[in-house]
Structure formats: C-alpha cells, structure tokens
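Engineer: Attaching a single structure in structure tokens format; questions to follow.
What follows is calculated from the coordinates using simple rules that are stated; it is not laboratory data. The shown structure was predicted, so the numbers you read here are calculated from the model rather than taken from an experiment. All Cβ positions, glycine included, derive from the backbone under ideal geometry; neighbour counts span all protein chains shown.
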Amino acid sequence: MTAYIHPTALVNPGFVPSPFTIIDESVAIFEGVTAGSFVHLRAGAKVRTGCVIGDHVTIGENVDLGEGTVVSEYALVGKYPEFVEEGENVLDSTAIGAGTAIGAHAVVHVGAVLGSGCVIGDGAVVLGSCVLPQGTVVAPLTVCGSAE
C-alpha cells in the first residue's frame with residue numbers, strides 16, 4: 001500500500017504522500033506540507049501551509065494545525081479521553097497555533113488550544129483543559145492541565 005487518500009479530502013496538488021499514509025474524509029492539506037510514513041490524518045483535520053509531520057504520527061479528528069507547525073515522530077494530536085462519564089461533554093476540536101513544535105511521543109488531547117510558537121517537549125502530555133498562550137514551553141515528560 002503506497003497511500004490512501006479519501007475522495008472527499010482536499011489535498012494540494014503538490015503534496016506527495018509517503019508510504020502507508022492514510023488521509024480520511026474531509027481532510028484539508030494546504031501548500032508545502034510534508035508528511036512522513038505511517039501517518040494517519042483523521043476526518044476533518046486541517047494541515048495548513050508549511051506543516052511538517054514526522055513518521056508514525058496520528059492527527060485526530062477536527063485538529064487544526066497552524067501554518068509551519070512541526071509534529072515529530074510518534075506524536076498523537078487530538079487524542080480522545082479513554083473514559084467519558086455519562087452526560088459529560090467532550091470537545092470535538094483541537095487548535096494548534098502557527099509555528100508550534102510538538103515533540104516526539106508527545107500527546108495533545110482533544111480540546112487543547114495551543115497559541116502560536118508553543119513548544120511541546122518530547123513525551124509531554126497536554127490535556128484537553130489546557131489553553132496555552134503564545135510561546136509557551138511545556139517541558140519534556142510532563143503533564144499540562146487538569147484531568148478534572
């Protein structure tokens with residue numbers, strides 16, 4: 001399998017998918033995007049101009065990656081919580097500001113909002129309750145936000 005691009009995805013003509021890339025329905029890929037192998041862009045994701053996505057990355061449903069964002073290998077952006085209480089409202093989108101860098105093995109939960117120029121360290125976890133202002137640095141192997 002070279003790559004799968006859903007027929008409803010809006011993909012810039014200059015985008016060349018790497019091996020084993022999966023692009024789901026209603027994904028938008030803008031100009032100058034580079035994606036590694038084994039990348040999964042889930043339904044409704046927007047990957048804006050100049051983004052770079054490493055190998056083995058999953059970009060979740062309705063994630064909006066700002067221009068020039070870099071997502072390193074094995075990161076997960078837009079992760080849904082494992083357990084949801086009955087009646088609990090779970091946000092359905094994640095916004096990543098322009099020029100943000102997300103480290104290897106980092107996890108950004110659905111609902112998180114990262115301002116432009118943020119740096120998320122390798123292995124860090126950003127919970128859905130986080131709203132990070134422009135230029136925030138999250139240290140490697142730390143958890144940002146509250147589980148409540």
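Engineer: Comparing 63, 47, 138, which has the greatest mean-square fluctuation in the GNM of the chain with Cα pairs linked when under 10 Å apart?
Structural biologist: In the Gaussian network model the winner is 138.
Engineer: Suppose a student asked you for the relative contact order of the chain, using Cα pairs under 8 Å spaced at least 6 residues apart; what percent would you report?
Structural biologist: 14
Engineer: Starting with the highest mean, order 5-14, 53-62 by the number of other Cβ atoms within 10 Å, averaged over the residues of each peptide.
Structural biologist: Packing order, densest peptide first, comes out as 53-62, 5-14.
Engineer: Tell me the net charge near residue 41. Cut-off is 13 Å between Cβ atoms, residue 41 excluded, with +1 for each Lys or Arg and -1 for each Asp or Glu.
Structural biologist: Overall, the nearby charge balance is -1.
Engineer: Taking N as the number of residues in the chain, what value does Rg over Cα atoms divided by 2.2 N^0.38 Å take?
Structural biologist: Against the compact-globule rule of thumb, the ratio is 0.98.
Engineer: Quick check: residue separation of residue 80 and residue 10 times 0.36 nm, minus the Cα distance between them. What number comes out in nm?
Structural biologist: Here the answer is 22.8 nm.
Engineer: Then there's this: Of 145, 95, 80, which is farthest on the positive side of the dipole of the chain, counting Cα position, with +1 on Lys and Arg Cβ, -1 on Asp and Glu Cβ, and the Cα centre as origin?
Structural biologist: Most positive-ward Cα: 95.
Engineer: Further question on the same structure: I want to verify a result. In a Gaussian network model of the chain, Cα cutoff 10 Å, which of these has the top mean-square fluctuation: 67, 31, 82?
Structural biologist: With Cα springs under 10 Å in the chain, the top fluctuation among 67, 31, 82 is at 82.
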